[in-house]
Amino acid sequence: MKIKSSKTFGYAYRVLFAICFLASSLLWGQETLIDVSAAVDKSIITIGDRVTYTLTIDRNKELQVHDPGKGTNLGAFEVKDYKIFEPEIRGDRIIEKFEYSISVYDTGKFVIPPFPVAYLTSDTTSQYQFITAEPLEIYAKSILSDPNADIKDIAPPFFIPPDYLRLALIGLGILLLLVLAWLGYRYYRKRKENQPIFKKKVVRPPHEIALEALAALEGSKLLAEGKEKAFFTELSNITRQYIEGRFFIKAMEETTSEIVTSLQDNDVRSENLDFARKSLQNCDLVKFAKYLPGEKGATSTVLLTRKFIEQTMLTYESETGEDAPLETEKAES
């Protein structure tokens with residue numbers, strides 16, 4: 001019996017190795033029908049943090065895949081939200097992606113279990129086959145950096161400063177409502193009593209007020225009671241108030257000489273100016289020099305004031321008729 005040489009044995013070994021290599025290349029080069037993978041955006045979280053869990057299905061377009069749905073079987077993790085992406089077609093392959101937002105409310109190491117995907121290989125069979133994605137580990141840690149730290153009480157409510165503009169607008173609105181309510185009540189009462197809602201204020205001419213006050217002063221008992229200073233003080237006030245109303249001079253604040261100067265600036269005639277000067281000077285003598293002119297002196301001083309008023313007062317005359325009043329001066333100042 002002949003033994004083969006080592007050279008022949010080595011050649012046979014090389015042929016066998018080439019056949020095995022070719023077979024393995026053909027086997028691994030064959031494209032898989034479906035592939036499922038899973039991934040997370042982070043593997044270490046704190047309690048309550050959200051993790052994005054992505055499931056990717058890479059399959060042949062001839063396969064039928066059952067929709068994974070909301071992903072209810074994710075272990076201890078709670079699904080907060082999920083999103084389905086549009087399928088991506090690459091030749092005879094379809095890539096589908098499903099994204100889940102999940103969270104866990106405890107500490108420790110947790111495992112997202114293998115995610116099962118059901119599929120059919122043809123239209124003629126109703127028997128689903130399953131393929132699963134790989135399990136993934138997530139570590140949830142406490143929000144406390146120090147494990148021995150105590151949990152503090154919650155912070156007190158934050159004080160919100162008042163909105164002064166809003167409060168002012170509310171107050172203004174309430175005030176406006178009160179005013180409108182008061183006007184409505186006033187309108188109702190006036191209508192019920194058949195009275196005008198708004199009364200017209202009649203402005204009396206200054207000479208009427210002054211002559212009326214002079215008549216009241218002459219009819220008083222001040223002189224009979226020996227109150228000459230009070231009499232002449234009132235007479236001085238009547239003269240000054242008339243000058244203020246007629247010539248718009250601050251006569252109540254000016255001295256007699258200042259009043260005379262102001263009347264001169266208003267082009268009052270010298271005769272009428274003398275009436276005012278003598279009346280005011282007589283009053284000043286009684287008020288400040290304790291001069292007692294008696295009843296005769298009081299009567300003559302009242303007459304001076306009356307003449308001044310009557311010679312400088314304004315009267316109303318009709319220009320063309322009774323319905324066209326025109327304010328004119330009775331006598332030139």
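The values are calculated or read from the model by the stated rules, or taken from the named source; none is laboratory data. Worth saying up front: this structure is predicted, and the values here are computed from it rather than measured. Cβ placement follows ideal geometry from the backbone for every residue including glycine, while neighbour counts extend to all protein chains displayed.
Filtering segment 82-102 to residues that are surrounded by 12 or more Cβ atoms within 10 Å (Cβ to Cβ), under 20 Å from L136 (Cα atoms) and free of Cβ contacts under 8 Å to residues at least 40 places away in the same chain leaves only Y82. Among all positions in segment 126-135, there is no residue which is part of a loop (DSSP other than H, G, I, E, B), in contact with a Lys or Arg (Cβ under 8 Å, 6 or more places away or on another chain), at pLDDT 85 or above and not small (G, A, S). Report, by residue number, each residue of segment 43-56 that is within 44 Å of the chain's Cα centre (by Cα) and more than 21 Å from E96 (Cα to Cα). Scanning segment 43-56 gives I45, T46, I47, G48, D49, R50.
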